[in-house]
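Enquirer: Take a look at the following structure, please.
The values are calculated or read from the model by the stated rules, or taken from the named source; none is laboratory data. Since the structure is predicted, the reported quantities are computational estimates derived from the model, not experimental observations. Counting neighbours? That spans all protein chains shown, and the Cβs are built from the backbone with ideal geometry, glycine included. Quick note on the areas: whole protein, heavy atoms, side chains included, nothing else; ligands and nucleic acids left out. Shrake-Rupley method; radii C 1.70, N 1.55, O 1.52, S 1.80 Å.
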Amino acid sequence: MSSLASLAQRLAVPLTRVEGAGHEPWLERPDAVSAHLRRFVQGALGGADLDR
């Protein structure tokens, strides 16, 4: 198990892989990273609408 997978498991949070990105996914695939972060935060806030 990778260290990231182990950390995600210990924190009980999902580990998401951004396909087609390397070490800087926020630069290489910003739209995908934004979408993943938005879903994560919405889930953490109980589905709150973040577009306000």
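Enquirer: Quickly run through segment 1-39 and pick out the residues that are of a type in the set (Asp, Glu) and touching a Gly at 6+ places or on another chain (Cβ under 9 Å). Can you show your working first?
Expert: From segment 1-39, those of a type in the set (Asp, Glu) are 19, 24, 28, 31; that's our starting set.
The one that is of a type in the set (Asp, Glu) and touching a Gly at 6+ places or on another chain (Cβ under 9 Å): GLU28.
Enquirer: So which residues in segment 38-52 are on the phi < 0 side of the Ramachandran plot and either open to solvent by less than 70 Å² (accessible area, probe 1.4 Å) or in contact with a strand residue (DSSP E or B) (Cβ under 6 Å, 6 or more places away or on another chain) (or both), if there are any at all?
Expert: So the first thing to find is which residues in segment 38-52 are on the phi < 0 side of the Ramachandran plot, and the list is 38-45, 48-52.
Once the filter is applied, which keeps residues that are on the phi < 0 side of the Ramachandran plot and either open to solvent by less than 70 Å² (accessible area, probe 1.4 Å) or in contact with a strand residue (DSSP E or B) (Cβ under 6 Å, 6 or more places away or on another chain) (or both), segment 38-52 yields VAL41, GLN42, GLY43, ALA48, LEU50.
Enquirer: Right, something else. Would you point out the residue of segment 1-37, among those that are among the aliphatic types (A, V, I, L, M) and surrounded by fewer than 10 Cβ atoms within 10 Å (Cβ to Cβ), that is modelled with the lowest pLDDT?
Expert: Quick first cut of segment 1-37, residues among the aliphatic types (A, V, I, L, M) only: 1, 4-5, 7-8, 11-13, 15, 18, 21, 27, 32-33, 35, 37.
Subset that is surrounded by fewer than 10 Cβ atoms within 10 Å (Cβ to Cβ): 1, 11-12.
Numbers: MET1: 80, LEU11: 92, ALA12: 91.
For segment 1-37, the residue satisfying everything is MET1.
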